[in-house]
Amino acid sequence: MIFNSEYHVDIPDVDLLTFLFSRTPFKDNDPIWINPANPENHVTLGKARDLTQRIGQGYRDLGVGANGASKDIVVTYLENQVMVAPNNLGVLCAGGVHATCSVTATAFELARQIRSSSPKILICSPQTRQSAEDAIKQSEMDVRLVVMISEKLDIVDAQGKTIISERKLEWQRITDPAVLQRTTATLVYSSGTTGVPKGVVTTHANIVANLCQMAFFFDHFARKAIREGVYLRMPGVMQNAVAVGIYVQNMMALQCGMQVYTFAKYDFPLLMASIKKFQLSACFIVPAIWNRIVQECTKEDVSSLRFAMSGASPLPLPLQLKVHDMLPDGVVLRVNWGMTETVTAASQPNVEEIDREGSSGRLLPNIQAVIISPDGKKLGYNEPGELCLRGPNIIKEYFNNPEASLAAYTTDGWFRSGDIATIDKNGKIYIVGRSKELLKYKSFQVSPIEVEAVLGQIPGVADVGVIGVPDGQGNDLPRAYIVRSSKPPQVEEKDIHDFLNPRVSHYKRLRGGVRFVNEIPRNLNQKIMRNVLKEWVEKEEGRKDNFRARL
């Protein structure tokens, strides 16, 4: 059966810049992106509009967009800072495509992306400049290097001369739906949990659609704060190379009226100190951070929050309920689901919903879904299968990768998320696991995230990742890699087994053992990089193929 969203929102046929600057509730002198280390270092709405057009002209002078829109790629390779959003908007103003590269990427990895995408310009910071220069040399391609210096609200060339023009460029206004659907705005390289990068091609139409879909619920909270004389204030801890960093911290903040305090990198003690110091009120953070808040903080530490959301990876219900109990009266932890290929979210609870069942909410407006079995059958209520989607926010292709683009869709046009889910009769979505991450033990399937959800409830467990250890006989023996909390009591392996075993079926037990580590490897979306966990297993156990002899 086909599941339809119970909501609808009108989506204008208009380019992204026109949409953002026409919808914002900010006044010209209102700061939007703020440096928490020096709040005087900020960008107001008036300055953002001015910089968008002058940066746009500067990039046009360097050739971006000279031969038409969506032909020239500009890559950013820098940590969070207040000039990131104006720069990205300036790239769009010039008619360019804003592409991302993780600030954690090595020069080798960046060079690979340069060869793949052939960018015209690479934007770095003083901190990433050496790696950027090395990458350009390794790529052996002609790429112009510029350097962002947010302390001076400037972008300079390699010789230190500003590239921001004194002239202002008028961006191209687009209202033709067909043009909007094929005009690429961003190219987000997403390696997911496998370590294999794919460029997600996202158009103006995709982004405007998802911003409208997200605002359908979020505007309720943003406007409520504005009526009370304040803007929501968000800690910008997600890196600018990922979807939340690009579309929520940069674009939805401008669209809905939310001030963003930009953190160069995630630092938990600094994050909590800043929430208190600046009375930050809107948190879009991941389950691993919410778990640390529950483990190490008090109700007073989060008393300023008016809006709380968890995304990027599944949130265990017990953790969700613990966060509920910590938040101020009337504030609940809202769980969404989405992926880079849906721009940001595709589901979340409605504004009045207090979920205590562990769902990821409901389909956002204008989205349809089906649940598909391994043999391609469309399933019904409460039947687990792969969650597949249709909607105006969903991408059509991966960059220069026709094989991946073809594989991403069913033969009848549904986008394959790769997530195993169920949908109940109330329209709520429950994420069960990733189809490619399920472990096989004898005749059973084991979802790592289900086991992680139970282990995350143990006092003293700050973070956990579960992976299978091949036994050479066709089985994946579940193993847990665990980060101990800094607060006592110190959890031991016996505590792990004693807690888990009575709570799960026998085939979900940790037959692969428990290992204590300092950190769980996560990508910029804070999803566990299971390919790294697999490498840890191979290093310890030796490479072992899982096969059975055939007679």
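The set of residues from the range 470-512 being among the β-branched types (V, I, T) and at pLDDT below 90 comprises just one member, V504. Taken as a whole, the structure leaves S360 outside the set of residues that are part of a strand (DSSP E or B), touching a Phe, Trp or Tyr at 6+ places or on another chain (Cβ under 9 Å) and among the hydroxyl-bearing types (S, T, Y).
Of all residues assigned to the range 461-469, none qualifies as being modelled with pLDDT of 90 or more and part of a loop (DSSP other than H, G, I, E, B). Scanning the range 481-490 for residues that are within 20 Å of P521 (Cα to Cα) and in a loop (DSSP other than H, G, I, E, B) turns up S485, S486. Out of T422, T411, one residue alone is modelled with pLDDT of 90 or more, at negative phi, surrounded by fewer than 21 Cβ atoms within 10 Å (Cβ to Cβ) and part of a loop (DSSP other than H, G, I, E, B). It is T411. Only residues that are free of Cβ contacts under 8 Å to residues at least 40 places away in the same chain, more than 17 Å from G413 (Cβ to Cβ) and among the small types (G, A, S) were counted in the range 371-384, giving 1. Out of the range 249-267, which residues are at pLDDT below 95 and more than 17 Å from the chain's Cα centre (by Cα)? Listed by number, the list holds a single entry, D267.
Taking the criterion of being of a type in the set (G, A, S) and under 29 Å from K527 (Cα atoms), would at least one residue in the range 165-180 satisfy it? For the range 165-180, residues of a type in the set (G, A, S) and under 29 Å from K527 (Cα atoms): absent. Note on the range 283-301: among residues that are surrounded by 22 or more Cβ atoms within 10 Å (Cβ to Cβ) and of a type in the set (V, I, T), the one that is modelled with the lowest pLDDT is I285. Can you name every residue in the range 108-123 that is aliphatic (A, V, I, L, M) and in contact (Cβ under 8 Å) with a residue 40 or more places away in the chain? Of everything in the range 108-123, those that are aliphatic (A, V, I, L, M) and in contact (Cβ under 8 Å) with a residue 40 or more places away in the chain turn out to be I121, L122, I123. Listed conditions (1) touching a residue at least 40 places away in the same chain (Cβ under 8 Å); (2) surrounded by fewer than 20 Cβ atoms within 10 Å (Cβ to Cβ); (3) within 23 Å of L379 (Cβ to Cβ) are all met by N401, apart from (3).
For L270, the test of being at pLDDT below 95, over 17 Å from the mean Cα position of the chain (by Cα) and either more than 20 Å from P31 (Cα to Cα) or buried (at least 19 other Cβ atoms within 10 Å of the Cβ) (or both) is passed. Residues of the range 321-365 that are out of contact with any helix residue (DSSP H, G or I) (no Cβ under 8 Å at 6 or more places or on another chain), crowded, with 21+ Cβ neighbours inside 10 Å and not aliphatic (A, V, I, L, M): R334, N336, W337, E341, S347, S359, S360, G361, R362.
Going residue by residue through the range 31-50, is there one that turns out to be free of Cβ contacts under 8 Å to residues at least 12 places away in the same chain, within 30 Å of P269 (Cα to Cα) and under 25 Å from the mean Cα position of the chain (by Cα)? Yes, there is a match, as at least one residue in the range 31-50 is free of Cβ contacts under 8 Å to residues at least 12 places away in the same chain, within 30 Å of P269 (Cα to Cα) and under 25 Å from the mean Cα position of the chain (by Cα).
Within the option set V432, V483, being under 22 Å from K378 (Cα atoms) and under 24 Å from the mean Cα position of the chain (by Cα) holds for one residue only, V432.
Can we say A99 is surrounded by fewer than 18 Cβ atoms within 10 Å (Cβ to Cβ) and among the aliphatic types (A, V, I, L, M)? In short, no. So which residues in the range 381-408 are at pLDDT 95 or above, more than 25 Å from P316 (Cβ to Cβ) and in contact with a strand residue (DSSP E or B) (Cβ under 8 Å, 6 or more places away or on another chain)? The answer is R390, G391, N393, I394. The set of residues in the range 349-376 being polar (S, T, N, Q) and over 21 Å from P392 (Cβ atoms) consists of S359, S373. The residues of the range 227-244 that are in a helix (DSSP H, G or I) and surrounded by fewer than 24 Cβ atoms within 10 Å (Cβ to Cβ) amount to a single one, R227. How about the range 491-530: which of its residues are over 30 Å from T340 (Cα atoms) and assigned to a loop (DSSP other than H, G, I, E, B)? Hits for the range 491-530 are V491, E492, V504, S505, R509, L510, R511, G512.
The values are calculated or read from the model by the stated rules, or taken from the named source; none is laboratory data. Since the structure is predicted, the reported quantities are computational estimates derived from the model, not experimental observations. Here the Cβ is made from the backbone with ideal geometry for all residues, glycine too, and neighbour counts use every protein chain on show.
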